[in-house]
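Down below is the structure, laid out as structure tokens.
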There are 2 protein chains.
Amino acid sequence: MGVTEHITIIGTGNVASQLSKSFRKNGITISHVFGRDVYKANVLAEDIDAKICTSLVDLPNQLTILCVSDDAIKEVVENIDPKIPIAYTSGSVQISSLPQKENLGVFYPLQTITKDREINFFEVPIFIESNNDYFTQTLFDLAWKISRTVKYATSEERSKLHLAAVFVNNFTNHILHLAQELCIKEDVDFDHLRPLLKETIAKIDIHSAFDNQTGPAKRSDQVVIQSQMDKLNGTTKAVYEVITKSILKTYNK
Amino acid sequence: MGVTEHITIIGTGNVASQLSKSFRKNGITISHVFGRDVYKANVLAEDIDAKICTSLVDLPNQLTILCVSDDAIKEVVENIDPKIPIAYTSGSVQISSLPQKENLGVFYPLQTITKDREINFFEVPIFIESNNDYFTQTLFDLAWKISRTVKYATSEERSKLHLAAVFVNNFTNHILHLAQELCIKEDVDFDHLRPLLKETIAKIDIHSAFDNQTGPAKRSDQVVIQSQMDKLNGTTKAVYEVITKSILKTYNK
């Protein structure tokens with residue numbers, strides 16, 4: 001197995017880019033980059049001072065972090081020299097669903113990573129899994145270089161974390177998107193709602209979301225609920241209806 | 001009209017309590033408190049060094065802030081001497097739905113207010129409405145004592161703000177409740193998700209929620225969506241399904 005001080009990154013998206021930058025800052029050299037999109041691979045390689053690999057068969061025999069979309073992981077793992085240790089960054093792909101290799105693992109940073117926003121991985125929990133103890137230790141050591149929260153999680157545990165993360169990030173963000181769309185449509189300034197959003201989230205550090213709930217559905221105020229439903233249509237109305245029902249059920253058991 | 005330096009508070013809940021404390025801190029005397037719950041009224045009155053009124057007919061002729069639930073506002077307004085200027089704190093009750101009075105207004109702080117958590121109203125937008133210019137100015141002056149964002153909003157505009165607030169606070173919080181319930185059920189530590197939540201909200205200050213969206217629904221990943229649906233049931237599954245549909249529709253127009 002290659003030493004951890006030199007690693008290869010496969011992928012050129014947000015995770016590849018942000019992880020690479022964080023590794024570099026913490027003394028890990030990304031010596032090689034491979035990406036299907038040669039233009040993007042060149043940009044990333046230049047950015048982090050790495051060499052480009054133009055084919056998977058040219059990869060050096062060293063720890064390789066696979067930052068590609070879930071549906072591409074299997075194909076890449078199949079096409080890499082089985083001697084090369086690989087860890088992928090997905091929350092939902094199970095190790096057992098992939099071709100077996102000598103060193104196959106998971107390096108899952110539980111964070112939302114988009115363009116143009118540098119992530120401080122120090123605060124980000126990283127979940128490790130692998131098919132042997134030695135490789136597990138290698139991945140732990142690597143993760144400790146960039147994060148102060150490194151945990152072992154089985155594929156099953158990781159998929160539970162990922163499901164909760166879908167609620168915490170994807171769904172919360174989409175609710176905020178619907179609110180922003182409403183504000184645009186109704187000519188309301190979303191900035192007026194920012195202190196409310198800030199307080200909503202700050203309260204989660206103090207009490208449970210169950211205890212923090214307020215609003216018409218919490219107090220079963222059918223007059224307000226009906227008048228708000230009348231203002232909505234399409235999927236926004238459907239979302240309003242289902243979440244309202246869920247709140248009513250939560251507080252009227 | 002009474003001077004703004006002495007006001008009456010009707011109500012003994014979280015809004016009454018937090019607003020009273022903020023007024024007092026900023027030099028406004030709450031001279032009288034009235035509440036249906038005499039025990040709570042006594043506690044609040046003692047807390048803010050005010051006198052108790054045991055009946056609505058005993059209220060002094062001075063600005064009165066009505067911090068009661070939406071469905072109680074009409075009854076209280078009907079039973080107060082019509083000469084007493086009243087402003088209520090609701091997001092959704094229209095002025096035109098109430099009995100007309102000489103000075104009737106709205107003092108709506110756009111914030112989520114629960115027990116045990118002191119609100120700094122300085123950051124909270126307060127929306128004012130009233131049935132005459134002089135009373136509007138009185139309410140503006142009062143709001144400026146505790147907030148740096150005071151705006152005029154018609155009943156119609158206020159109801160739009162309130163609808164957006166239901167998404168930003170009530171729905172976001174309930175999504176987080178479902179995530180916390182999932183974590184308990186699946187034996188996952190919600191603390192692992194706090195950095196994700198923090199980043200989700202921090203990103204809203206930089207880009208739109210539309211641009212920040214990530215996750216299986218955003219990338220139409222039906223394999224992950226189906227496997228996550230299989231893990232859920234009841235209203236949590238219904239919420240997952242409707243928000244996922246809404247995200248799919250948002251990014252596949």
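Okay, here's what the table says:
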| item | result |
| --- | --- |
| Output for the range A:176-191, where each listed residue is touching a Phe, Trp or Tyr at 6+ places or on another chain (Cβ under 6 Å) and more than 14 Å from B:LYS218 (Cβ to Cβ) | A:LEU178, A:ALA179, A:GLN180, A:CYS183 |
| Criterion (open to solvent by less than 70 Å² (accessible area, probe 1.4 Å) and under 29 Å from B:SER220 (Cα atoms)) met by exactly one of A:SER31, A:SER17 | A:SER17 |
| Criterion: small (Gly, Ala, Ser), in contact with a His (Cβ under 7 Å, 6 or more places away or on another chain) and open to solvent by 20 Å² or more (accessible area, probe 1.4 Å) - qualifying residue of A:SER92, A:SER69, A:SER96 | A:SER92 |
| Selection count where residues are open to solvent by 10 Å² or more (accessible area, probe 1.4 Å), more than 18 Å from B:ASN120 (Cα to Cα) and facing another protein chain (nearest Cβ under 7 Å), scope the range A:179-207 | 4 |
| Residue in the range B:112-130 that is surrounded by the fewest Cβ atoms within 10 Å (Cβ to Cβ), counting only those that are modelled with pLDDT under 95 and under 11 Å from the mean Cα position of the chain (by Cα) | B:THR114 |
| Test: A:ILE52 is of a type outside the set (Asp, Glu) and closer than 22 Å to A:GLU156 by Cβ | no |
| Residue, nearest to the other protein chains (Cβ to nearest Cβ), within the range A:208-218, restricted to residues that are open to solvent by less than 60 Å² (accessible area, probe 1.4 Å) and over 20 Å from B:ALA202 (Cα atoms) | A:GLY215 |
| Test: residue in the range B:49-62 that is among the β-branched types (Val, Ile, Thr), closer than 13 Å to B:ILE9 by Cβ and open to solvent by less than 20 Å² (accessible area, probe 1.4 Å) | no |
| Set B:ILE175, B:ILE146: member being in contact (Cβ under 8 Å) with a residue 60 or more places away in the chain and under 27 Å from A:ALA209 (Cα atoms) | B:ILE175 |
| Scope the range B:228-238; condition within 7 Å of chain A (Cβ to nearest Cβ) and either in a helix (DSSP H, G or I) or touching a strand residue (DSSP E or B) at 6+ places or on another chain (Cβ under 9 Å) (or both); matching residues | B:GLN228, B:THR235, B:ALA238 |
| Whichever residue in the range B:138-178 is of a type in the set (Ser, Thr, Tyr) and at the interface with chain A (Cβ under 10 Å from one of its Cβ atoms) and, among such residues, is nearest to B:HIS6 (Cα to Cα) | B:SER147 |
| Single residue of the range B:239-253 satisfying the filter (more than 18 Å from B:ALA179 (Cα to Cα) and more than 8 Å from chain A (Cβ to nearest Cβ)) that is most open to solvent (accessible area, probe 1.4 Å) | B:LYS253 |
| Single condition B:ILE48 does not satisfy, out of (1) in contact with a strand residue (DSSP E or B) (Cβ under 9 Å, 6 or more places away or on another chain); (2) more than 19 Å from B:ALA143 (Cβ to Cβ); (3) modelled with pLDDT under 95 | (2) |
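The values are calculated or read from the model by the stated rules, or taken from the named source; none is laboratory data. Keep in mind the model is a prediction, meaning the values are calculated, not measured. Heads up, the Cβs are rebuilt from the backbone with ideal geometry, glycines too, and the neighbour counts pull from every protein chain shown. Protein only, heavy atoms only, side chains kept; ligands, DNA and RNA dropped before computing areas. Shrake-Rupley method; radii C 1.70, N 1.55, O 1.52, S 1.80 Å.
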